[in-house]
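J.: What follows is a structure written as structure tokens; I'll ask about it next.
The values are calculated or read from the model by the stated rules, or taken from the named source; none is laboratory data. All values reported here derive from a predicted model rather than from experimental measurement. Here Cβ is always computed from backbone atoms with ideal geometry, including for glycine, and neighbour counts include all displayed protein chains.
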Amino acid sequence: MSRILFLMLAGLVLCTTQAMADTLRISVIGAGKVGGTLGTLWVKAGHSVMFSSRHPEELTDLVKTAGPNAQAGSLSDAAAWGEVIVLSVPYGAMPVLSEQLKGKLDGKVVFSTSNPFSGRDAEVGRKALDLGVALADQQYLPGVHLARAFNAIGYASMKDLSGKGKAIPVFADDAQARELGARLVRDAGFVSVLSPLARANEGLPGGPLSGVWSEAELQQAGPLASNPGLSSASSATLLRLHRPVESTAEAQQRLI
Ligand SMILES: NC(=O)c1ccc[n+]([C@@H]2O[C@H](COP(=O)([O-])OP(=O)(O)OC[C@H]3O[C@@H](n4cnc5c(N)ncnc54)[C@H](OP(=O)(O)O)[C@@H]3O)[C@@H](O)[C@H]2O)c1
């Protein structure tokens with residue numbers, strides 16, 4: 001074999017290996033409106049997705065629509081299979097999930113779209129809102145690398161791609177969660193703007209970082225709001241950027 005042919009083959013193997021490493025195994029726990037929509041977008045982006053449900057046999061249509069790299073599984077299958085676990089459930093399910101997933105997600109990135117609402121999720125929702133949703137997540141799922149995103153954009157804007165190219169915040173602290181969290185947002189067609197987990201409540205429906213933005217707007221709101229001692233000028237800018245078009249109750253109706 002000539003030296004040139006050998007080098008070409010070696011290059012091909014390297015590219016293939018790289019391409020494989022570039023695709024993720026994504027498990028979606030809660031394959032409803034949001035989980036089903038995002039999972040389908042990620043399959044279209046080249047990733048492999050396992051949709052899970054308490055009734056995986058009911059996911060046949062979703063798997064078929066998503067494409068050949070989609071499959072369905074149980075909660076345990078999904079927890080074991082995915083490199084990244086997407087959690088898209090009503091927050092009231094967190095105590096039960098915490099028990100069922102105990103020790104199964106250690107060291108994995110968990111990417112949550114799940115929102116606590118005081119109405120729908122009762123005491124569980126109220127406690128998470130008071131404590132801070134990211135802290136609550138970490139209490140339910142200790143040992144994971146947490147990222148939160150897509151918390152206050154309707155699933156319809158993901159599905160019909162009307163949010164495509166718009167910026168949304170990705171709340172994450174550690175390197176792994178930041179990298180994978182930002183990637184999942186990008187691969188669903190959005191622009192990711194990283195923000196610390198301590199600000200995750202601001203990204204909930206009705207919060208100052210909810211909705212979709214231009215990247216410049218969100219970058220501007222990000223550093224300003226992360227400073228607990230906001231100057232009045234900073235606060236004014238943040239208020240201008242914030243579009244308080246709906247109350248939390250209205251947002252809940254729209255995004256529940
Ligand atoms: N709808 C929106 O536009 C929107 C936008 C942003 C964020 N969110 C938030 O994202 C989350 C999901 O919203 P969604 O609209 O997709 O809800 P959804 O359509 O009702 O789907 C929720 C899924 O959670 C699963 N689930 C419920 N209880 C569970 C449990 N105990 N264990 C395991 N799975 C459980 C259900 O799956 P099975 O019954 O098949 O097990 C269901 O498919 C919510 O927290 C919501 O507030 C929603």
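J.: Give V86, V96 a once-over and let me know the one that is within 14 Å of the ligand (Cβ to nearest atom), farther than 14 Å from V133 by Cβ and touching a Gly at 6+ places or on another chain (Cβ under 9 Å).
T.: Within the list V86, V96, the selection yields V86.
J.: Can you give me the number of residues within segment 60-84 that are in contact (Cβ under 8 Å) with a residue 24 or more places away in the chain, under 16 Å from G36 (Cα atoms) and among the hydroxyl-bearing types (S, T, Y)?
T.: The total comes to 1.
J.: May I pose another question? Quick one: count up the residues across segment 156-173 that are surrounded by fewer than 23 Cβ atoms within 10 Å (Cβ to Cβ) and either basic (K, R) or modelled with pLDDT of 95 or more (or both).
T.: Number satisfying all stated conditions: 4.
J.: Let me ask another. Can you tell me which residue in segment 1-25 is surrounded by the fewest Cβ atoms within 10 Å (Cβ to Cβ), limited to those that are modelled with pLDDT of 65 or more and within 23 Å of the chain's Cα centre (by Cα)?
T.: D22
J.: I'd like to check something: does segment 105-126 contain any residue that is surrounded by fewer than 18 Cβ atoms within 10 Å (Cβ to Cβ), in contact (Cβ under 8 Å) with a residue 12 or more places away in the chain and more than 14 Å from the ligand (Cβ to nearest atom)?
T.: Yes, segment 105-126 contains a residue that is surrounded by fewer than 18 Cβ atoms within 10 Å (Cβ to Cβ), in contact (Cβ under 8 Å) with a residue 12 or more places away in the chain and more than 14 Å from the ligand (Cβ to nearest atom).
J.: Condition check: away from the ligand (no atom under 14 Å from the Cβ) and on the phi < 0 side of the Ramachandran plot. Does S157 satisfy that?
T.: no
J.: For segment 98-106, check the following and say yes or no: at least one residue is under 21 Å from R54 (Cα atoms), in a loop (DSSP other than H, G, I, E, B), at pLDDT 95 or above and of a type in the set (S, T, N, Q).
T.: no
J.: Let me ask you something else. If you go through segment 26-75, how many residues are in a strand (DSSP E or B) and either exposed (fewer than 15 other Cβ atoms within 10 Å of the Cβ) or out of contact with any Phe, Trp or Tyr (no Cβ under 6 Å at 6 or more places or on another chain) (or both)?
T.: 7
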